[in-house]
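Engineer: Below: one structure in structure tokens.
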Amino acid sequence: MTDGVVDQLARAGRFSVRYGEEVIAYALRLQSQRRPSRVAIHVEASGRVLVDAPVGATHASVAQAVKKRAGWIAQHVAQAKARLEHVRHRDYTSGETVHYLGRRYRLRVTVDPSEAASCRLRGGFLEVTVQRRTAVDVQAEMSAWLRHRASEVLRERLDTIAAGLSWVKTPPPMRLQWMRVQWGSCSPRGRVTLHPALVQAPRDCIDYVVLHELCHLSSHDHSARFYRLLDRHMPGWRGVKARLDGMAEDLLRQ
């Protein structure tokens, strides 16, 4: 298979290799700054497998790297799936646990046809008032409240962290978007996209995701240089990432 075919398929993200009776599917990202023959493999909290390879890598060399670590990949994918099996969908009823900035709150739902729908924190409760007792109505109020809080909190953290980075001259534009498998992304033009549910995580987890995306303004791939930037500005980021990965399913459940 030629490099041109690799480029075409990489954009589509459709690759897989066989490991015994299993098929390991993975998305391929080609990165211009990655050293030749250097392939990095990541298994996200969702179980998605990402492979970073240098531009010009052949399909055969990438597949060989994946097969070499197939046992490790299969083990981590299985662990991710096992965690997901235990995640319950929300009922959006009083008594459920919700998170905000790393703290746990209890959901308190009030039904009052004469009151405007609303959502607010009070003491140890997230109080939601709706006119009808439906999960859809409660979810809509909670989602709107989380998005509003995320727009303020994440913008403040983005501006504050960016101010301490020499390569960021002005804070980048930010948008919020619900994403299935990632907390954030940074476009080639420098726009940072963050998941609104991130506002539920502890502050150091928020700062890790924000810093991760801001580092991409200097290094647009996951090269050694990129990780040196992370290490310099958040030496303990690996432990923070592991903690965020461990709570991802709970924070993202709907």
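Engineer: Can you give me the number of residues within the stretch 34-69 that are modelled with pLDDT under 80, touching a helix residue (DSSP H, G or I) at 6+ places or on another chain (Cβ under 7 Å) and open to solvent by 50 Å² or more (accessible area, probe 1.4 Å)?
Structural biologist: The total comes to 0.
Engineer: What tally of residues in the stretch 228-254 results from selecting those that are farther than 12 Å from Tyr208 by Cα and among the small types (Gly, Ala, Ser)?
Structural biologist: Result for the stretch 228-254: 2.
Engineer: Also: Identify the residue in the stretch 103-143 that is open to solvent by less than 70 Å² (accessible area, probe 1.4 Å) and of a type in the set (Asp, Glu) and, among all such residues, is nearest to Ala197 (Cα to Cα).
Structural biologist: My answer is Glu141.
Engineer: Inspect the stretch 119-135 for any residue being over 28 Å from Arg191 (Cβ atoms) and of a type in the set (Ser, Thr, Tyr) and give the result as yes or no.
Structural biologist: Yes, the stretch 119-135 has at least one match.
Engineer: While we're on this one: List the pairs whose first member sits in the stretch 59-71 and is more than 17 Å from Glu21 (Cα to Cα), whose second member is aromatic (Phe, Trp, Tyr), and whose Cβ atoms are under 8 Å apart, counting only residues at least 6 apart or on separate chains?
Structural biologist: That search, which allows pairs on different chains as well, returns His59/Phe15; Val62/Phe15.
Engineer: Could you check Leu244 against (1) open to solvent by less than 30 Å² (accessible area, probe 1.4 Å); (2) more than 15 Å from the chain's Cα centre (by Cα); (3) at pLDDT 90 or above; (4) of a type outside the set (Asp, Glu) and say which number it fails?
Structural biologist: (2)
Engineer: Continuing with the same structure: Out of the residues in the stretch 21-32 that are over 22 Å from Val77 (Cβ atoms) and open to solvent by less than 90 Å² (accessible area, probe 1.4 Å), state the one that is modelled with the lowest pLDDT.
Structural biologist: If we filter the stretch 21-32 for residues that are over 22 Å from Val77 (Cβ atoms), which is where we start, we get 30-32.
When the remaining residues are screened for being open to solvent by less than 90 Å² (accessible area, probe 1.4 Å), the result is 30-31.
Details: Leu30: 80, Gln31: 75.
Among those residues, the one meeting the criterion is Gln31.
Engineer: Okay, next question. Looking at Val98 and the list (1) open to solvent by 20 Å² or more (accessible area, probe 1.4 Å); (2) within 19 Å of Gly246 (Cα to Cα); (3) at pLDDT 90 or above, which single condition is not satisfied?
Structural biologist: (1)
Engineer: Related question: Take Ala150 and decide whether it is open to solvent by less than 50 Å² (accessible area, probe 1.4 Å), assigned to a helix (DSSP H, G or I) and more than 15 Å from Leu251 (Cβ to Cβ). Spell out how you get there, then give the answer.
Structural biologist: Values: open to solvent by less than 50 Å² (accessible area, probe 1.4 Å): yes; assigned to a helix (DSSP H, G or I): yes; more than 15 Å from Leu251 (Cβ to Cβ): no.
For Ala150, the condition - open to solvent by less than 50 Å² (accessible area, probe 1.4 Å), assigned to a helix (DSSP H, G or I) and more than 15 Å from Leu251 (Cβ to Cβ) - is not met.
Engineer: Please state which of the following conditions Leu9 fails to meet, knowing it meets all the rest: (1) touching a Ser or Thr at 6+ places or on another chain (Cβ under 9 Å); (2) at pLDDT below 80; (3) aliphatic (A, V, I, L, M).
Structural biologist: Result: Leu9 fails condition (1) only.
Engineer: For the stretch 188-203, how many residues are among the charged types (D, E, K, R) and either free of Cβ contacts under 8 Å to residues at least 24 places away in the same chain or out of contact with any Leu (no Cβ under 9 Å at 6 or more places or on another chain) (or both)? Break it down stepwise before answering.
Structural biologist: Step one: list which residues in the stretch 188-203 are among the charged types (D, E, K, R), which gives 189, 191, 203.
Narrowing the set further to residues that are either free of Cβ contacts under 8 Å to residues at least 24 places away in the same chain or out of contact with any Leu (no Cβ under 9 Å at 6 or more places or on another chain) (or both) leaves 189, 191.
Selection size over the stretch 188-203: 2.
The values are calculated or read from the model by the stated rules, or taken from the named source; none is laboratory data. Quick caveat, the model's predicted, so the values are computed rather than measured. Here the Cβ is made from the backbone with ideal geometry for all residues, glycine too, and neighbour counts use every protein chain on show. Calculation scope for accessible area: heavy atoms of the full protein, side chains included, ligands and nucleic acids excluded. Shrake-Rupley method; radii C 1.70, N 1.55, O 1.52, S 1.80 Å.
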